[in-house]
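The values are calculated or read from the model by the stated rules, or taken from the named source; none is laboratory data. Bear in mind the structure is a predicted one, so any value in this text is a computation, not a measurement. In this analysis, Cβ positions are derived from the backbone assuming ideal geometry, glycine residues included, and neighbour counts consider all displayed protein chains. Ligands, DNA and RNA are excluded from the accessible area calculation, which covers all protein heavy atoms including side chains. Shrake-Rupley method; radii C 1.70, N 1.55, O 1.52, S 1.80 Å.
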Amino acid sequence: MGLLAAGTPLPWTESRKYNNHIRKQGIEQLLYVFQAAAKRDNDPLLWGDEIEYMMLEVDHNNKNVMLDVTHDFILDRFAEVDYPLCVANDVLYHPEYGRFMLEATPASPYDGYVDEYVEFNMKKRRDLAKFRLNQFAEEEGLLLQRKNLVPISLTTFPRMGRSDFLNIENPWDHKNSASRSLYLPDEVINRHVRFPTLTANIRIRRGEKVCMNIPMFKDQFTPETDDTVYERDWFVPEDKESLKATKPGFIYLDAMGFGMGSSCLQVTFQAPNINLARYVYDSLVNFAPIMLAASAAAPAFKGWLADQDVRWNVISGAVDCRTPWERNTEPILPKYNKDGMGGLSEDAKKSVQRIPKSRYSTVDLYLGGNEFFNRTLNDTDVPINEKVLKTLLENDKAPLDYDLAKHFAHLYIRDPISVFEESIDQDNKTSTNHFENLQSTNWQTLRFKPPTQEAVPSNKRVPGWRVEFRPLEVQLTDFENAAYSTMLYLIVEYLLTFPDRINAYIPMSQVWDNMHTAHHTDAILNEHFYWKNSFESSDFNTSMHSINEIFHSMENGIFNKFINPILRHKGFVSKDWKELKNSSKHLRTYYYLKLISDRTSGKIPSIAKYIRNFIMNHKDYRHDSRVSKSINYDLIMACERITNLDNSNNDMTDLFGDDITNYLIHSKLSFEK
Ligand code: ADP
Ligand code: MG
Ligand code: MG
Ligand code: MG
Ligand code: MG
Ligand code: MG
């Protein structure tokens, strides 16, 4: 998320008048980008990660932890007074959907393999946020009341939407007109007016509140239904939805904040040119579900243990602006939504099509553009905007090939959901604002990021063609986040070093199935996923494998097929990644890889499993799937200790096992030595 434009966001019934205008101008902007940048080449492998934190207020007297929505001014501080400090430390902070959220990135991208610097930079970001929050707590006298403010990189807050989960008095003494949620006051939403408007626009376009039914973990005394569901009479008809929308055996979630309020780890890579960017994108498509499962960190929602381990489908539902008709389903309240067309204009109703997936979902189409690709791989039902397709194929600026055109024509089936009055008219030769409007609200497992019109081949001061990897769940420690980022970096470096060697394509329908499977509880241990039989043949044959096999198989496992060869190529090892254990220079990278190896072989738990175990073994747990305040407090305190590499309670040993824990406690980043 970049800087926020000032201005007036239009409510849906106003903004929808500009839908076609924005799409049309956005596509023209894209064509100018292609005209400028299509021939760009030899860009270096720059890359960078993004980490999202939740700011928490911890109240030790009452043994409660709350999301902190009262110190979001920290972002202004980082952007103004602290800006030189941030730049000097090579860190930047960005706003996110949640008022309690912070996003942080390196200020300038990493250049190739940078060893421990990734973790060092992550640590700087966390330390600075921690330092300022602690200072605020001190200034406000919170420390004297045995309270504190801390940032934490936890994928979901287990008690979001339950009593006393926000650090403000009386959040329910007024109505939450943006989300109309039964659980989340609008104070969870970023104060910048873009975000409540976005929230309302999605709801109004859809014609009802968003609705995520997430499988509830079934324990001995778990109730049949989510007993936090109730009826209210503030908003008609939204307040009548809940009892119809909830389902036995599921946790009912009704607001954008449940999804966009969760945290993740994203990594962006620059490729030398557009064709290699397409190749990297396509090659990573099936890594997305596998890495989602391997990073699982979200087993609890709205005070319930879920029968799933990750956040993905929650966010997918949380921003699902499709009408019931587009989803091919009945409205929750047919009386209020007769044709099932939600907030579409009369004109738009004439050209609707069914849309199988939310705008937040798995990648839909391979981009192609290389010798391994075959169009039959795009074997799922993916609607496209025919008009956009035609323009992209036939124009006087920069005609695109069919496969690339189809990718953008699919993104452009969506409506803009956030339009600023001041930005309706743009100079398409210099602005990408309208293009980005739709591009950046298509949240898929990967994002193909084109550059701007400035990115002519000779202008190396601006970014080139990039690919963003988006499925990873954020991890508690900088060590873990650096581990997942580094592993992915090594995979991408391998792909870019030997692009003629690896054919990673499998049918898209199997990737979608894998994504579904990746949600399951303990998918790392128990599930089987489609994985390539051979990365070196021209076919697309797969068979089903466990995560352990996918990482460790001697034939086609990730370590053997991707990590070992790139480490050999770099001269770090002669055969196998485990040799790094004897390297003084790359010892930490050994532990990065060992962390992921031990998790994917089941030797140590995922964060999801660790949290699940913690909750189920807590003295206050009543075998009813409920995460009480005291359980939540103790869990977050344990997570805090882990984050700070404090093993005084053996929390680190529970999460990492003895070997990694000992290493982490006794080693320091070489930068700090
Ligand atoms: P977004 O939220 O749109 O994904 P951010 O700016 O938050 O974008 O994060 C983008 C990431 O890409 C950051 O880690 C940044 O360091 C990195 N990055 C910046 N420039 C480049 C580049 N030229 N190539 C690759 N990555 C880059
Ligand atoms: Mg973000
Ligand atoms: Mg970002
Ligand atoms: Mg973003
Ligand atoms: Mg991003
Ligand atoms: Mg098997």
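Numerical summary
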| read-out | value |
| --- | --- |
| Qualifying residue in the stretch 174-181 (condition: open to solvent by 40 Å² or more (accessible area, probe 1.4 Å) and touching a Pro at 6+ places or on another chain (Cβ under 8 Å)) | no |
| Residue match in the stretch 283-306 (condition: in contact with a Pro (Cβ under 6 Å, 6 or more places away or on another chain), in a helix (DSSP H, G or I), of a type in the set (Phe, Trp, Tyr) and more than 16 Å from ligand 4 (Cβ to nearest atom)) | no |
| Residues that are in a strand (DSSP E or B) and of a type in the set (Phe, Trp, Tyr), drawn from the stretch 336-368 | TYR360 |
| The stretch 453-491 - residue that is closer than 14 Å to ASN273 by Cα and touching a Ser or Thr at 6+ places or on another chain (Cβ under 9 Å) and, of those, surrounded by the most Cβ atoms within 10 Å (Cβ to Cβ) | VAL467 |
| Elements of type helices (runs of 4 or more DSSP H) contained in the stretch 382-453, each with 2 or more residues being more than 30 Å from PRO507 (Cα to Cα) | 433-439 |
| Total residues in the stretch 417-451, condition at pLDDT below 95 and either within 13 Å of ligand 4 (Cβ to nearest atom) or at positive phi (or both) | 1 |
| Pick from the stretch 62-77, criterion in contact with a Phe, Trp or Tyr (Cβ under 9 Å, 6 or more places away or on another chain) and among the acidic types (Asp, Glu), ranking: least open to solvent (accessible area, probe 1.4 Å) | ASP68 |
| Test for GLU241: is it open to solvent by less than 10 Å² (accessible area, probe 1.4 Å), out of contact with any Ser or Thr (no Cβ under 9 Å at 6 or more places or on another chain) and farther than 30 Å from PHE34 by Cα | yes |
